[in-house]
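> First the structure, then my questions, so here it is.
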Amino acid sequence: MPIRLDERLTEIARLAAGAHTVCDVGSDHGKLACYLVQTGGAERAIATDISAPSLKKAEVLAEKLGIDDLVETRVGDGLDPVGAEEADVAVIAGMGGDLIARILERAHAQGKRFRRLVLAPNTHAERVRETLWRTGHTETADRTVACGGKRYTVIAAEQGDAPEHTAEELAFGRSFRADAAFVAAAKEELGALERALADNPSAEKLAARAEMLKKALEECEI
């Protein structure tokens, strides 16, 4: 029974592929972990979640697919249940950027290093980027993915010091200039901000965000 993923999880799986052992943090139903093992994107997977009932769904799915010997589940917070050298790829998706940043900082303080990180923050992607750069990582991919009428940020990063960055690159990622999905999302957000500012022209935060979007769009190559 092949697992079907939505656009967001498909992009995450593409970036995580090639792992020996992938750790899927906040795995819940376990679709991503099982998909990677089932399709050869990872030789084995460790699925973690703070909720034991959620992980039970992953166990049931792995058993149904006949790969339960290759998909291990562990209850715990973030990357805490994973040893320092147990996984070469870690995926953290479906959480706010502040929480992902805290998980990364804690794992870094514990001496845990991964060959690749694949991160999909629902909010505050700039916090994730700042944490990556501060902990000695640089992005290999950073793009906007449309899925279910919403747009999501998906970032892949590897160890290596990041070069200097602009405010726009911190906010939108280093590759925003060539990202058609970002352009569409930025134009949509800018339109909404301009409508809001028409009713409340003194809203400083809205105005600052609008100006940043305008500047970013001016730099885009699309």
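The values are calculated or read from the model by the stated rules, or taken from the named source; none is laboratory data. Note that the structure is predicted; figures quoted are calculated from it, not measured. Here Cβ is always computed from backbone atoms with ideal geometry, including for glycine, and neighbour counts include all displayed protein chains. Heads up: the accessible areas ignore ligands, DNA and RNA and are worked out on the full protein's heavy atoms, side chains in. Shrake-Rupley method; radii C 1.70, N 1.55, O 1.52, S 1.80 Å.
> Go through the range 14-36 and report how many residues are surrounded by fewer than 24 Cβ atoms within 10 Å (Cβ to Cβ), among the hydrophobic types (A, V, I, L, M, F, W, C) and more than 11 Å from the chain's Cα centre (by Cα). Reasoning before the result, please.
Keep residues of the range 14-36 that are surrounded by fewer than 24 Cβ atoms within 10 Å (Cβ to Cβ), which gives 14-15, 17-21, 26, 28-29, 31.
Pick out the ones that are also among the hydrophobic types (A, V, I, L, M, F, W, C) and you get 15, 17, 19.
Add one more test, that the residue is more than 11 Å from the chain's Cα centre (by Cα), and what stays is 17, 19.
Residues flagged as surrounded by fewer than 24 Cβ atoms within 10 Å (Cβ to Cβ), among the hydrophobic types (A, V, I, L, M, F, W, C) and more than 11 Å from the chain's Cα centre (by Cα) within the range 14-36 amount to 2.
> Hand me the list of helices (runs of 4 or more DSSP H) wholly inside the range 141-221 holding 3 or more residues that are under 22 Å from the mean Cα position of the chain (by Cα) and at pLDDT 90 or above.
Numbers: elements: 167-172, 180-199, 204-219.
Passing ranges, in order: 167-172, 180-199.
> When you scan the range 37-67, how many residues do you find that are under 19 Å from Arg14 (Cβ atoms), open to solvent by 50 Å² or more (accessible area, probe 1.4 Å) and in contact with a strand residue (DSSP E or B) (Cβ under 6 Å, 6 or more places away or on another chain)?
Number satisfying all stated conditions: 2.
> Go through the range 151-202 and count every residue that is farther than 25 Å from Asp6 by Cα and aromatic (Phe, Trp, Tyr).
So the count comes out to 0.
> Oh, and also: Inspect all residues belonging to the range 172-190 and state whether any of them is in contact with a strand residue (DSSP E or B) (Cβ under 7 Å, 6 or more places away or on another chain), surrounded by 14 or more Cβ atoms within 10 Å (Cβ to Cβ) and of a type in the set (Lys, Arg).
Our first condition is that a residue be in contact with a strand residue (DSSP E or B) (Cβ under 7 Å, 6 or more places away or on another chain); within the range 172-190, this holds for 173-175, 179, 181-182, 185.
From what is left, the residues that are surrounded by 14 or more Cβ atoms within 10 Å (Cβ to Cβ) are 173-175, 179, 181-182, 185.
Imposing the further condition that a residue be of a type in the set (Lys, Arg) reduces the set to 174.
Checked against the condition, which is being in contact with a strand residue (DSSP E or B) (Cβ under 7 Å, 6 or more places away or on another chain), surrounded by 14 or more Cβ atoms within 10 Å (Cβ to Cβ) and of a type in the set (Lys, Arg), the range 172-190 yields at least one hit.
> Give the range 68-82 a look and list any residue that's touching a residue at least 12 places away in the same chain (Cβ under 8 Å) and either more than 15 Å from His20 (Cα to Cα) or exposed (fewer than 14 other Cβ atoms within 10 Å of the Cβ) (or both), or say none. Explain how you work it out, then say what you get.
The initial filter retains those residues of the range 68-82 that are touching a residue at least 12 places away in the same chain (Cβ under 8 Å), namely 70-82.
Within the range 68-82, Thr73, Arg74, Val75, Gly76, Asp77, Gly78, Leu79, Asp80, Pro81 meet the criteria.
> Here are some conditions: (1) surrounded by 14 or more Cβ atoms within 10 Å (Cβ to Cβ); (2) free of Cβ contacts under 8 Å to residues at least 40 places away in the same chain. Ala157 meets all but one. Which one does it not meet?
Looking at each condition in turn, Ala157 falls short on (2).
> Name the residue that is nearest to Gly41 (Cα to Cα), counting only residues in the range 83-125 that are part of a helix (DSSP H, G or I) and touching a Pro at 6+ places or on another chain (Cβ under 9 Å). Spell out how you get there, then give the answer.
As a first pass, look at the range 83-125 and keep what is part of a helix (DSSP H, G or I): 97-109, 125.
Filter once more, so that each one left must be touching a Pro at 6+ places or on another chain (Cβ under 9 Å): 97-101.
Working: Gly97: 25, Asp98: 28, Leu99: 26, Ile100: 23, Ala101: 25 Å.
Among them, the one singled out is Ile100.
> Among the residues of the range 117-129, count how many are within 22 Å of Leu32 (Cβ to Cβ), open to solvent by 30 Å² or more (accessible area, probe 1.4 Å) and in contact with an Asp or Glu (Cβ under 9 Å, 6 or more places away or on another chain).
2
> While we're here: Out of Arg106, Arg134, report the one residue that is charged (D, E, K, R), open to solvent by 30 Å² or more (accessible area, probe 1.4 Å), under 13 Å from Ala162 (Cα atoms) and more than 14 Å from the chain's Cα centre (by Cα). Step through it out loud before you land on a result.
Working: Arg106 fails: under 13 Å from Ala162 (Cα atoms).
Unique residue meeting the criteria: Arg134.
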